[in-house]
Amino acid sequence: MGIAGRLTFTGEWPENVGQVAVAVYRETPQQLTDFFALVGADTEVELGAEVYDYFVPIEVEGEYQWVVVAWRLQDSFWDFRSLLGCYHAPGDTRPTAVVVRRGEVAGDVDIAIDFGILQSENLPTLCVQSIPPELLEQGSGQ
């Protein structure tokens, strides 16, 4: 039981990438501690890949609001600047929820990652629209 899909990477991989992971949350974080409440992850994303087929095991059926891809620098920890992208169906203006049913894998939860986002100081807008602005300011140190 879990969530599976394909990550597609465009742009140049930064040389200082330490790890890329897919993380699944039941709800979009609303306070700092919520970022530690992920329900599953695939931390084995192949660095330098153009595509990667991921699988995140999920133990409890239900609806998962936020499926994100994040990266961290070598010898560093995850932070607000880690977010590279999230799952959203075509036409959605916010992240798309994924329903996992008992004993099944929710597939085709594909996410496109453009490393060009790292040239900007902005997080992927669509992925953070459900996060309170004050939380984003707090997390970015502003």
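Toward the positive end of the charge dipole of the chain, with +1 on the Cβ of Lys and Arg and -1 on the Cβ of Asp and Glu, the farthest Cα among Val67, Phe55, Asn16 is that of Val67.
Look at (1) 0.94; (2) 0.99; (3) 1.06: the one that is Cα Rg over 2.2 N^0.38 Å derived from this structure is (2). Where only DSSP H runs of four or more residues are counted, the chain gives -2000 deg cm²/dmol as its mean residue ellipticity at 222 nm, each run worth -39500 (n - 2.57).
All of the numbers you see were taken from the coordinates with simple rules; none came from a lab. Quick caveat: nothing in here was measured; it's all calculated off a predicted structure. So basically every Cβ, Gly included, is an ideal-geometry build from the backbone, and we count neighbours across all protein chains shown.
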